[in-house]
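Engineer: Encoded as structure tokens, here's the structure I'll be asking about.
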């Protein structure tokens, strides 16, 4: 490693790790602040946002797949989905091969709402990425992927790269 680029990062002190943890907390707070303001206007919470995000990323996904990705109880997801379906943001259809499955897609209104939420987050990420440069962006993604549990990494890798 080039010593001019800072301390050897393979041997981080507890203080350096604490600063990293604190940075994650504060970054997450900023990352969620913009969509939280939008969600609040409609009476929704972060669970609604996560459901909308992953339904958008995997149109036609099943309720069971969404349960695995979100790691929530079936009862809490059903409560969220019921609201989103009743409000016309999500379409839920019975599976053609397996009638027990429900396949989820966003409606036109759901896609517009998802865009409003994710535009705010993309703007924040884009600004941060521009500030730190491509090498840091690549490193950041690698760190996040390395922190994922193996099951979550599989879900992450299964998502198609956005257009």
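Engineer: Yes or no: residue 89 within 21 Å of residue 35 (Cβ to Cβ) and in contact with a helix residue (DSSP H, G or I) (Cβ under 8 Å, 6 or more places away or on another chain)?
Structural biologist: For residue 89, the condition - within 21 Å of residue 35 (Cβ to Cβ) and in contact with a helix residue (DSSP H, G or I) (Cβ under 8 Å, 6 or more places away or on another chain) - is met.
Engineer: Out of all the residues in the range 40-59, is one or more farther than 16 Å from residue 116 by Cβ, in contact with a strand residue (DSSP E or B) (Cβ under 6 Å, 6 or more places away or on another chain) and at pLDDT below 95?
Structural biologist: Checked against the condition, which is being farther than 16 Å from residue 116 by Cβ, in contact with a strand residue (DSSP E or B) (Cβ under 6 Å, 6 or more places away or on another chain) and at pLDDT below 95, the range 40-59 yields at least one hit.
Engineer: Out of curiosity, is residue 105 at pLDDT 95 or above and either over 27 Å from residue 150 (Cβ atoms) or out of contact with any strand residue (DSSP E or B) (no Cβ under 7 Å at 6 or more places or on another chain) (or both)?
Structural biologist: Considered against the rule, which asks whether it is at pLDDT 95 or above and either over 27 Å from residue 150 (Cβ atoms) or out of contact with any strand residue (DSSP E or B) (no Cβ under 7 Å at 6 or more places or on another chain) (or both), residue 105 comes out as yes.
Engineer: Take the range 50-76 and flag every residue that is touching a helix residue (DSSP H, G or I) at 6+ places or on another chain (Cβ under 8 Å) and part of a strand (DSSP E or B).
Structural biologist: Answer for the range 50-76, where residues must be touching a helix residue (DSSP H, G or I) at 6+ places or on another chain (Cβ under 8 Å) and part of a strand (DSSP E or B): just 61.
Engineer: Which residue is surrounded by the fewest Cβ atoms within 10 Å (Cβ to Cβ), if the candidates are limited to the range 47-70 and must be over 15 Å from residue 110 (Cα atoms) and free of Cβ contacts under 8 Å to residues at least 24 places away in the same chain?
Structural biologist: The residue in question is 67.
Okay, residues lined up against (1) loosely packed, with under 10 Cβ neighbours inside 10 Å; (2) at pLDDT below 95:
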position	(1), (2)
88	no, no
92	no, yes
112	no, no
142	no, yes
146	yes, yes
153	no, yes
162	yes, yes
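Engineer: I'd like the full set of residues that are assigned to a helix (DSSP H, G or I) and without any contact (Cβ under 8 Å) to a residue 40 or more places away in the chain, limited to the range 103-122.
Structural biologist: Listed by number, the residues that qualify are 108, 109, 112, 115, 119, 122.
Engineer: Looking at 100, 93, 130, 79 in this structure, which one is within 12 Å of residue 48 (Cβ to Cβ), more than 17 Å from the chain's Cα centre (by Cα) and either in a loop (DSSP other than H, G, I, E, B) or free of Cβ contacts under 8 Å to residues at least 40 places away in the same chain (or both)?
Structural biologist: 79
The values are calculated or read from the model by the stated rules, or taken from the named source; none is laboratory data. All of these numbers come straight from a predicted model, not from anything done at the bench. Here the Cβ is made from the backbone with ideal geometry for all residues, glycine too, and neighbour counts use every protein chain on show.
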